[in-house]
Structures are given as structure tokens and as C-alpha cells.
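Report on the following structure.
The values are calculated or read from the model by the stated rules, or taken from the named source; none is laboratory data. Being a predicted model, the structure only gives us computed values, none of them experimental. So basically every Cβ, Gly included, is an ideal-geometry build from the backbone, and we count neighbours across all protein chains shown. Only protein heavy atoms, including side chains, enter the accessible area calculation; ligands, DNA and RNA are left aside. Shrake-Rupley method; radii C 1.70, N 1.55, O 1.52, S 1.80 Å.
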Amino acid sequence: MDRYKLVIRGEQPLNGDTYVSGGKNTSLAVIPATLLCEEPCIIENLPDIEDVRVLHRILLELGAKVDFNTAEKRMTIDPRSVKSATVPFQYSQMMRASYYFMGALLGRYGTADVGYPGGCDIGSRPIDQHIKGFSALGSEISEYNGMMGLKGSLTGTIINFDMVTVGATINVMLAAVRARGNTVLTNAAREPHVVDVANFLNSMGAKIKGAGTDTIRIRGVEHLHGGTYTVIPDQIETGTLMIAAAATRGDVAIHGTIPTHMEALSAKLLEMGVSVSSQDDVIWVRIRRGHRPIRLSTQEYPGFPTDLQQPMSALLTRAGGHSEVIENIFDNRFKHLDEMRRMGAKVIISGKTAYIEGVPQLRGAPVTATDLRGGAALVIAGLMASGMTEIFNPGFIARGYERLEDKLSSLGADIHREAAE
Ligand code: UD1
């Protein structure tokens, strides 16, 4: 249990301007990817979140020289002093994205020993497609004591993923960048962070084409140089702030965004009667009327992101009527709705569908976060509810959101940390 809790007094409309931090999922791939380079890299616009600090520790464990300037949001990584290609289980189990060390270390050194990844419990999260890709590139694979051993010099080939997976697309792309010859990844994920990682690698000398489509072509190169790269803004934090504005009947301008990344969410909010507009890097969200219920189904990009399903389904518990949320990507991603029943939410969960009957009012209650985006969903619930909501185990939220409570309170929310007994 975390030593602090979040305390929210709801029903305060959010108003004003806020900004979005650098992308979590992009950063979690770009940081390990710097190991593919033979010179120092400077990564800018990194979010100051727990998962980035874990990667920092892993890089130090491997022997890299790292300077993380949190005030400037900049990490300088010099991979020339790396002495080890082993990421012990005690580090890998701290987060899902530790799996990117497999692709990066294998691609750079031809060997990697990485503990099984941890991360949020949102259902079964196998890595068979990552392994299939590494194996197709010529890696030998062994499993021992919770570790995955990869070894071999890699040669490009054609790899068709059995399902669309962000993690395997990026991981196999990392391994292929320095493989001999050409690699083609088909049925690849098209998420913005896949494109951003490819842009980072290309800016360091890689030859990757087609990122953002379902076919990615990689011509292996012998050398990646260093340089400076700025990661894109966080799509999911942007969406969470948009949903928070809509949930509190607020009027908020979010700066530093990429509005085209938000089209699936914006369309659903518009359907609910929320006004969403954008110009350049600013998105405005405001609402004058009650929310209409909707039907929503998660899909790979450019569909509705599974990571926003949880905050969005929290919002739907107060829409006027019957909503349906279908979760197609993960099989256990409704735990936040179970918690929200204690706040008066009316929900029936059957398989991958949540049937939500909107209620006029949620009541504050003590609830427990069980995963990152589910924790953010409980924050949305607390912002809407009457009275006081206490969120226990909010450490999950800090793993992926940079000071979410500070951003919300600067917009007028009554939210703060308190010691948890
Ligand atoms: C990444 C994101 C996560 C997001 C998810 C879907 C990071 C660090 N995390 O997670 O925030 O929710 O994409 O957008 O970027 N699958 C397999 N075998 C595999 C790989 C995946 O069966 O080898 C399945 C998964 O169980 C899941 C689906 O494919 O059902 C998609 O998973 P994937 O896109 O790989 O998600 P993650 O990389 O875990």
C-alpha cells in the first residue's frame, strides 16, 4: 500500500490553461533505444514520471553514463561505457516497457538477458510476438529463472505479426535497425509512438520507412550516431485532461498537444455533446449541457485507444442514459468500474463489454487504484462526485502521469496528497 493517498472534493469545474507533458510510451521506448547508438544522445521533453526513473536506474545498472535533469526534462545518455547486457528481474518486473531492452541490447550487442516484464495487471500480456520477431531475425532464445536470454547476429527478414501489437512492433524494429540486410514488418502497429521511435532512430542514422502504416521497412545499418531528440507530447495525458474537463463541465485549453492524435477521442466527446476545438497545438474542451450516452469500442490506432477507455468509461457513468463500452485489446480492464460501484455507478460487466447506466450523481468514497489508467479513471470519478473521494495506492498514477494532481488543482480542482495510515 502506498504511503500517501489522493483526496478529492469533487464538483469543482476545471477552468483555464494547462499543458501536456512529453509522451510516456514514446519515452519508454526511446530511452532504451539510445543503447543502439555509439555516441551520446540527449532526449528532451521527457516526462518526470516513475517509469522514466526506473529506466534511468536500469541504464546505470548496465553501465551507461546518464544525467537526468528533471527541471529541464532532459536526459543525456552516453552508452559508450555500457558493460553489461543483463537487466535483472528485480528491475524488469517494475514495468512493462523493460521489454524494450531486449530489442535494443540484442540489436546493439548481439546478446541480451532480460527479466520478464512487469507492469499493470490489465489481463494476460504475453510477449510471444516479440520473441517470434527476434527468432525470425536469427536470435537464439532461452528461458531461465524468470529471464529471457537472446543471442545471435541478426539478419533481416519478413515478419508478419499475428495481431497488432505496439510493443512487439517497436521491439523488433529496435533489433532490426542494426541487423544485416532488410527487414519488413507487416501487420505493424501504427500508434504515434511507433512513428516517434522510428523518427528518433532515423535521426540517429537508421533507415526506417513506413512507420505509421501497417508495413514498416528497415534497411540495417552498421552504425548509429548520437544527437538530440525531442519526444512528442503524451496522447493519453492529453486525453485524460480532455475527459477531466468534460467530466467537471469545465472550460479548459490544453497546450502543447498534437490534435490529430486525439481525433478518436474528440469524435466521441463531440457525440456526447462536449464542445472540442483545436488550433495549432491547443485543444479547447468545454461543455454547456449534460452528457449524452454513447457506444464505444477500443481499437488499435487510429481507433479509440484502450488507454483512454478507463477514464472515458468513468465519465460515462454520469451520462444521461445507457452507454456501452467494448474493450477489445485487453481482457481485464474494467476494475476501476468495480471500484466506482462504491461511488454509486451503475455498471454491469459481461465479458469484454461494460453496460453503463448513467446516474445523476456519484458520491465520494474510499477507492483503490489497481492500475495506471484505472487510477486516472478514479481521479475523473472523484472530480465528478459529491463530497470526498480518497484514492488509495495512487502510486500507479505517478508511474505514468507527471504530477496529475498539480495540473488539475491549477485548473481549480480540489485535489491533494495526504499521508495514508
Ligand atoms: C502498449 C502500451 C500500453 C497500451 C497498449 C495498447 C507501452 C509501454 N504500453 O502496451 O499503454 O495500452 O500498447 O495500445 O507502450 N499481445 C500478444 N502477444 C504479444 C504482444 C501483445 O498476444 O507478444 C497482445 C496483448 O496481450 C494485447 C494486444 O496484443 O491483447 C496488444 O498489446 P500491445 O499493443 O503489445 O500492448 P503493450 O505493448 O503491452
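The condition of being modelled with pLDDT of 95 or more and within 20 Å of G400 (Cβ to Cβ) does not hold for F330. Restricting A385, A354, A381, A376 to those that are touching a Pro at 6+ places or on another chain (Cβ under 8 Å), among the aliphatic types (A, V, I, L, M) and surrounded by 19 or more Cβ atoms within 10 Å (Cβ to Cβ) reduces the list to A376. Total residues in segment 364-415 satisfying the condition of being over 15 Å from E11 (Cα atoms) and not in a helix (DSSP H, G or I): the figure is 13. From the list Q129, Q93, the lone residue that is of a type in the set (S, T, N, Q), within 16 Å of the ligand (Cβ to nearest atom) and out of contact with any strand residue (DSSP E or B) (no Cβ under 8 Å at 6 or more places or on another chain) is Q129.
Mind checking whether some residue in segment 237-254 is open to solvent by 30 Å² or more (accessible area, probe 1.4 Å) and away from the ligand (no atom under 16 Å from the Cβ)? Reasoning before the result, please.
Taking segment 237-254 and keeping what is open to solvent by 30 Å² or more (accessible area, probe 1.4 Å), we get 249, 251.
Narrowing further to those that are away from the ligand (no atom under 16 Å from the Cβ): 249, 251.
Yes, some residue in segment 237-254 is open to solvent by 30 Å² or more (accessible area, probe 1.4 Å) and away from the ligand (no atom under 16 Å from the Cβ).
Looking at segment 298-320, is at least one residue farther than 27 Å from N187 by Cα and open to solvent by 10 Å² or more (accessible area, probe 1.4 Å)? Scanning segment 298-320 turns up at least one residue that is farther than 27 Å from N187 by Cα and open to solvent by 10 Å² or more (accessible area, probe 1.4 Å).
Against the condition farther than 25 Å from R96 by Cβ, in contact with a helix residue (DSSP H, G or I) (Cβ under 8 Å, 6 or more places away or on another chain) and of a type in the set (G, A, S), how does S386 come out, does it pass? No. For segment 65-112, a residue qualifies if it is at pLDDT 95 or above, surrounded by 20 or more Cβ atoms within 10 Å (Cβ to Cβ) and in a loop (DSSP other than H, G, I, E, B), and the qualifying residues are K73, A85. Residues in segment 142-182 that are farther than 14 Å from A104 by Cβ, hydrophobic (A, V, I, L, M, F, W, C) and away from the ligand (no atom under 13 Å from the Cβ): M147, I158. When R53 is tested against (1) within 29 Å of A245 (Cβ to Cβ); (2) more than 16 Å from the ligand (Cβ to nearest atom); (3) in the same structural domain as G205 (by TED's automatic domain parsing); (4) open to solvent by 60 Å² or more (accessible area, probe 1.4 Å), only condition (2) is not met.
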